[in-house]
Every structure is written in C-alpha cells, then in structure tokens.
Amino acid sequence: MSVRTRFAPSPTGFLHIGGARTALYCWLEARHHGGQFILRVEDTDRERSTDEAVQAIIDGMQWLGLEADEGPVFQTARLERYREVAEQLRADGKAYYAYESREQIDAMRAEAMSRGEKPRYNGYYRDRDEPYRDDPNRVLRFKNPQSGSVVFEDKVKGRIEWSNSELDDFVLFRSDGYPTYNFAVVVDDIDMGITAVIRGDDHVNNTPRQINVYQALGATVPVFAHLPMILGADGQKLSKRHGAVGVMQYREDGYLPEALLNYLVRLGWSHGDQEIFSVDEMVRLFDIAEVNASAARFDMAKLGWLNQQYLKSQDPASIAPELEWHLQRIGIDPTSGPNPAAVVTALCDRVQTLKDMAERARVWYSPITEWDDKAVKKHLKSVTAPKVLDAALQALGELGDWQVEAIHGVVARVAEQLELGMGKVAQPLRVAMTGTQVSPSIDQTIYLAGRDVALHRIKHALDLSHAD
RNA sequence: GCUCCCUUCGUCUAGUGGUCCAGGACGCUGCCCUCUCAAGGCGGAAACACGAGUUCGAGUCUCGUAGGGAGCACCA
C-alpha cells in the first residue's frame, strides 16, 4: 500500500513557520516513499475560517514548492458523510444522544475539578438510550471504552500509553449540526486512505480518543508522528507579537524558498553532519522516524547564513528574477541599470538576503543622492585623489572592452603609474562610484555602473575633490 | 488539579553501553588573506539539567527531582 500523508490546516490565518514545517515533513514523507500528499482544509469552525486564509495557505505552499497531489478538500463539503458515519455509530450502539445544557456541563466539570479529577463528562446519558429529540442541547457523544488502555507507537515520541479511564465520552456532533474536530479528522483520514498522520504535538492528547473511533469504525489505525513545536528565539511559543509571521513574509524579507526549506528540514531532523540539502536530497534522505522529539528554537542568524549559501551557490541567472522582484518592490526599475544577474555575482558574498541586495544595488540603478561626509573627506579630499580620479577617467574613457577584467587592468595600471597602493586608488574611485566607502571589488563596482555613468561619476568626484 | 510529552555548547544538532577528557554547523572570538565590506582559510572559548540505581563500564538503560511544554471544549 502506498504512503499517503496529508497536511490539514484550519484556515484561520496565514501559513506560519510551524505549519510550513509540518507541511514539508508530510510532503517529504510522501515523496520519499513515492506516495501521495494531500491538502485538506479543516474549515468546520465557521466563525474563524476565511477564504483569504485558504488562499494564503495555498500561496505559501506554492512558493515553497510543496504542491499537493490531491485537494484542497474542504471539510464543509463533506458534512453529509460525517452525518452518515455518525448515524452508523449510533445505530451500532457506539454513540448516543445527550441533552445536557452548557450550564450543566460546566457544573459537571467544576465538580470533577473539585474532586481533584480532570474535568470530564460524567456519562449520564450513556446507557439511557434516549431517542432523537429536537432539542437545542442535543449532541451526539461517543461511547468511549471504559476500561483498558490505548497504546500507540508514535514515530517521533515513541511508545505512548493512555488509560481509557482518562478519557470521557466526547462530542461527535455538536448541537449546531457540525461535527467536532476529533470526529471529522478520523472520518477524513479513513476515507482518504491516510497511512501516516503527521501533525503538531499539540494533538498527542487527541490521538487516544481518535484511535478509539478508528476501532469503533473497524478501520485500520494509521501511523502517527507528532512533531514538536517551533519556538521563538526567546524560547517562548511563537506568537503574533514575536516572530509568528506568514511564510510569504520571508519572501518579502529576501529569503529564497530553498533556504527556508533547508532551514526547516534541519530544525528537528539531521543527517550526520550535513547542513546543506537540496530538495532532491531531502526527499532521498528524509525519514520521519529520525525526527527529534524536543522543541526547537527558530534562529534567524542561521537562516541568514543558509540563505547566503544559496545566494552564492546557485546560478546567478536563476536568482536574477527574484532580485528583480525585490528591486521593483523598493521602487527601482530593473531595466534602468545593469543585468541583475551581474549584480547577484557582485553582491552574493556581501549580503544574506535579497532585500539587502536590492537595497545595495540601488547605486547602479539610480543617481547617488547621499554622500557620506567621512568618505568624501577621507578619500576625495586627499592629496592623491585628484590624480587618481583624473588618470582613471582618462584610461576608462579610452577602454575599448567594458568588462570586469579589463577594468581591473586599468585600475591596476593607474596604481602602478602613480606608484600608489591599491587602497589609495580603489577608495577614491569607490567613493566616486557609490558615495560610500563600502562596495564590491572596485572593478565590479565600476563595471556595474556602466561606462557613461562611471565616467560621469568620476568627473563629479573630481569636482568634489577640488571644492572646499 | 489531573494526564501526557520534552531536557547534550548561547542556538540547531551528532551520539542507540566502552572508539566521548563528547563531534559538526550557526553565532561569538584570535590570526591569515585583502582596494572597503564581505566571502574564504586556519585556530579558540563554549554542553551531557540534578540525584540515585543497573553495570566491570552510562550522554546512552531504570527510577526519582527540578525546569519547560501540551492537553483536559458543542476550537481546530
């Protein structure tokens, strides 16, 4: 039987980092075994589910390249099916109607708490066999086994045993006619032929009661793998106020999907000492059983390092379109300057994100608007600066082949002729080109400016070097 | 309160009873390289939560303690 996994988010917000990792692990597990990965939208909470959230989740998965083989399947489209299965359970005597009001339930819980027990339903209607009544308080409850225990071998957490005496008769169908999560998931996972349920470990506690439903239905219980959560840098749960942003925010912040995927796969899983994994390698090497059981913190510094590894190792031409996207985002027309691929080559050793790269590429796409006073004073007002600029202006103007190599030759010759060190030559030119003391190597910096702009800027710098 | 889960350098992790005075990576840091900034190269500091037990031998097994987390809904 082929491996089938599913990612089942509830559409109440964007695809956050934890969800993205869950989706990745589900996707990898399916791909690794040549199985199927299914997207299911758990939208039975009508109050909080939105179409925008559904779209945001799909967008996020698409950006990461985690395409589903089936779905999205919406739970709200399957209501009839849940009713059918619930009715079957009721007819088999494995579920029953209960009519307590909310107040009665609350009182029941409070009483249990006061006895030092966990808040539970007391099973008042369990054996009463009350018929269906049109009552606003009517719910359908599951007859959970009252003795024995549920044991399962979690792929991540190991063996987990749960005594049935800890479980109560939970609600299958709410009074509003919608199924509860614990019931709908089981029906869905059975119908979809899910063989491995991979989800956040906040669901560990739900698993025993879900297994009881599988058994009541005579279905095969799938394999479970509960993933530990991802914490913020401070060790606290990711919340809206720190770090809980959608994956698309990472695109906006200048990260490559490959880098995020790589970071996520290593957060809780490893393969020896290897740090860099292409998607193909992940698919080949990933094994859900090797995932760690403990929670991990999200470390932006390492994500940044990884992102740069990808910036450096991938073909500049393949990164260029993404850089163009970022240039446009900050109001730069990518056609108004050098080929973005050449910019990637020049800056990939110097930035960790495409957002920073776009920002630093600005000098080649639009006029210099700010001059760093210290840079001007130190490198343009020096005694040798005018000579350097003048010689460079001359030589670059006569240069036939506007290429990095040729420009490098020009700069070197100027240094040689004036008997100056490279520092004395490169720095004035750098300030001339960028208005600052920091940029890629001087040959690349000049090359990217283009001949016209380069000559124009050197002339302007010459003026500045003479001015008081 | 009850049940369940987790615990190796600051962080992500390797480690499945001896090969561990604990390895790698990020970060930090020293040196080298160098036209700036980076990148790169070579070094360094830095961890088995604690206590018992099992064993000839424990980071690795067992039990307790402490700390952290999740759940106990007609929310998923």
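The values are calculated or read from the model by the stated rules, or taken from the named source; none is laboratory data. Keep in mind that this is a model prediction, so the values were computed, not measured. Here Cβ is always computed from backbone atoms with ideal geometry, including for glycine, and neighbour counts include all displayed protein chains. The accessibility values were calculated without ligands, DNA or RNA, using every heavy atom of the protein model including side chains. Shrake-Rupley method; radii C 1.70, N 1.55, O 1.52, S 1.80 Å.
Note on region A:8-126: enclosed helices (runs of 4 or more DSSP H) holding 3 or more residues that are surrounded by 14 or more Cβ atoms within 10 Å (Cβ to Cβ) and within 15 Å of the chain's Cα centre (by Cα) are A:17-32, A:51-64. Given the residues A:M282, A:M248, which is the only one that is open to solvent by 60 Å² or more (accessible area, probe 1.4 Å), within 19 Å of A:A20 (Cβ to Cβ) and assigned to a helix (DSSP H, G or I)? Exactly one of A:M282, A:M248 is open to solvent by 60 Å² or more (accessible area, probe 1.4 Å), within 19 Å of A:A20 (Cβ to Cβ) and assigned to a helix (DSSP H, G or I), namely A:M248. Considering only region A:411-437, state which residues are more than 10 Å from RNA strand B (Cβ to nearest atom), farther than 24 Å from A:Y365 by Cα and assigned to a helix (DSSP H, G or I). Within region A:411-437, A:R413, A:V414, A:E416, A:Q417, A:L418 meet the criteria. When A:P136 is tested against the conditions (1) open to solvent by 90 Å² or more (accessible area, probe 1.4 Å); (2) away from RNA strand B (no atom under 13 Å from the Cβ), the lone failure is (2). Among residues of region A:139-166 being within 9 Å of RNA strand B (Cβ to nearest atom) and assigned to a loop (DSSP other than H, G, I, E, B), the one that is surrounded by the fewest Cβ atoms within 10 Å (Cβ to Cβ) is A:K157. Just one of the listed residues (A:A375, A:A361, A:A385) is of a type in the set (A, V, I, L, M), surrounded by 17 or more Cβ atoms within 10 Å (Cβ to Cβ) and modelled with pLDDT of 95 or more, and it is A:A361.
In summary, A:R457 fulfils each of the numbered conditions (1) under 45 Å from the mean Cα position of the chain (by Cα); (2) outside any helix (DSSP H, G or I) with the single exception of condition (2).
Only a single item in (1) crowded, with 20+ Cβ neighbours inside 10 Å; (2) more than 9 Å from RNA strand B (Cβ to nearest atom) is not met by A:F173, and it is number (2). Taking the criterion of being among the polar types (S, T, N, Q) and either over 18 Å from A:E258 (Cβ atoms) or more than 23 Å from the chain's Cα centre (by Cα) (or both), the residues of region A:342-375 that qualify are A:T345, A:S366, A:T369.
The residues listed here are A:S318, A:S336, A:S313, A:S294; of these, the one that is within 16 Å of RNA strand B (Cβ to nearest atom), without any contact (Cβ under 8 Å) to a residue 60 or more places away in the chain and small (G, A, S) is A:S313.
Can you tell me how many residues within region A:330-371 are closer than 24 Å to A:Q249 by Cβ and not in a helix (DSSP H, G or I)? So the count comes out to 8.
Among the residues of region A:443-457, those that are crowded, with 21+ Cβ neighbours inside 10 Å and within 15 Å of RNA strand B (Cβ to nearest atom) comprise A:D443, A:T445, A:I446, A:Y447, A:L448, A:A449, A:A454.
Which residue, of A:A216, A:A233, A:A225, is more than 10 Å from RNA strand B (Cβ to nearest atom), more than 23 Å from A:D43 (Cα to Cα) and not acidic (D, E)? Steps first, answer last, please.
On the way: A:A233 fails: more than 10 Å from RNA strand B (Cβ to nearest atom); A:A225 fails: more than 23 Å from A:D43 (Cα to Cα).
Checking each option against the conditions leaves just A:A216.
For region A:269-291, a residue qualifies if it is of a type outside the set (G, A, S) and near RNA strand B (Cβ under 10 Å from one of its atoms), and the qualifying residues are A:W269, A:H271, A:D273, A:Q274, A:E275, A:I276, A:E290, A:V291.
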